[in-house]
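What follows is a single structure, written as structure tokens, with notes after it.
The values are calculated or read from the model by the stated rules, or taken from the named source; none is laboratory data. Note that this is a predicted model, so its numbers are computed, not measured. Note that each Cβ is placed from the backbone with ideal geometry, even for glycine, and that neighbours are counted across all protein chains shown.
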Amino acid sequence: MTAIELLAAISVALILSAMAVPAITSVVGGLRIAGDAQGLANQMQLAKLRAGSDFTHTRLFISTDTNSYSVQLFNAGAFATEGGNINLSSGVTFGLGTVGVPAGTQAALAQTTKIEFNSRGIPVNAAGAPTGADAVYLTNQQGQSYAVSVNASGQIKVWRYTGAAWKAI
């Protein structure tokens with residue numbers, strides 16, 4: 001093999017790898033946001049179950065400033081974090097992105113930062129009344145959006161925004 005052939009082969013390999021990088025970045029970003037949405041749903045389910053098992057209130061607390069969330073248990077008149085904070089993946093943030101309609105049973109589009117469950121595992125508002133208006137939205141650098149919602153009966157769903165509507169996963 002001559003030096004010119006070797007140089008041509010290396011050039012072709014570099015061009016092909018340069019074309020593959022954007023596709024790989026998009027796939028990795030999609031996997032990160034999907035994994036974060038599922039992890040958030042799992043922690044929401046944990047909060048719901050902890051409320052029932054300890055016969056108290058628990059909540060999933062969302063910190064949009066630090067892109068983290070935690071399960072908090074109500075004890076001695078206050079909520080205390082249980083198990084530490086969980087950070088979102090790199091490139092994923094809490095936010096609505098380009099979303100124009102709410103996910104699940106949420107009436108108006110809004111980012112929920114505190115999803116509280118009563119001792120029966122039912123989501124409640126600040127006044128203690130059952131609510132189906134809770135949804136947490138995630139977006140990434142590729143413009144993909146996911147949501148995790150809980151309806152008034154306590155059913156938790158993960159949603160993916162398709163650009164026009166939400167699709168349950």
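Quick notes on this one:
- Residues within segment 130-154 that are in contact with a strand residue (DSSP E or B) (Cβ under 9 Å, 6 or more places away or on another chain) and either without any contact (Cβ under 8 Å) to a residue 24 or more places away in the chain or not polar (S, T, N, Q) (or both), tallied: 15
- Residues being surrounded by 14 or more Cβ atoms within 10 Å (Cβ to Cβ), among the hydrophobic types (A, V, I, L, M, F, W, C) and assigned to a loop (DSSP other than H, G, I, E, B) - total across segment 110-148: 2
- Residue within segment 35-43 that is touching an Asp or Glu at 6+ places or on another chain (Cβ under 7 Å) and either touching a residue at least 60 places away in the same chain (Cβ under 8 Å) or not polar (S, T, N, Q) (or both) present: no
- Assessment of segment 72-93 against the conditions (among the β-branched types (Val, Ile, Thr), surrounded by 15 or more Cβ atoms within 10 Å (Cβ to Cβ), at pLDDT below 95 and in contact with a strand residue (DSSP E or B) (Cβ under 8 Å, 6 or more places away or on another chain)) yields no matching residue.
- Filtering SER119, SER89 for residues that are among the small types (Gly, Ala, Ser) and in contact with an Asp or Glu (Cβ under 7 Å, 6 or more places away or on another chain) leaves a single hit, SER89.
- Restricting attention to segment 145-169, the residues being more than 23 Å from PHE55 (Cα to Cα), at pLDDT 95 or above and among the polar types (S, T, N, Q) number 1.
Residue-by-condition table, conditions (1) under 15 Å from THR139 (Cα atoms); (2) surrounded by 14 or more Cβ atoms within 10 Å (Cβ to Cβ); (3) touching a helix residue (DSSP H, G or I) at 6+ places or on another chain (Cβ under 6 Å):
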position: MET1; (1), (2), (3): no, no, no
position: LEU14; (1), (2), (3): no, no, no
position: SER17; (1), (2), (3): no, no, no
position: GLY29; (1), (2), (3): yes, yes, no
position: GLY39; (1), (2), (3): yes, yes, no
position: GLN43; (1), (2), (3): no, yes, no
position: ALA51; (1), (2), (3): no, yes, no
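- Scan of segment 149-169 for residues that are assigned to a loop (DSSP other than H, G, I, E, B) and of a type outside the set (A, V, I, L, M), ordered by number: ASN151, SER153, GLY154, GLN155, THR162, GLY163
- Flag if THR56 is surrounded by 10 or more Cβ atoms within 10 Å (Cβ to Cβ) and outside any helix (DSSP H, G or I): yes
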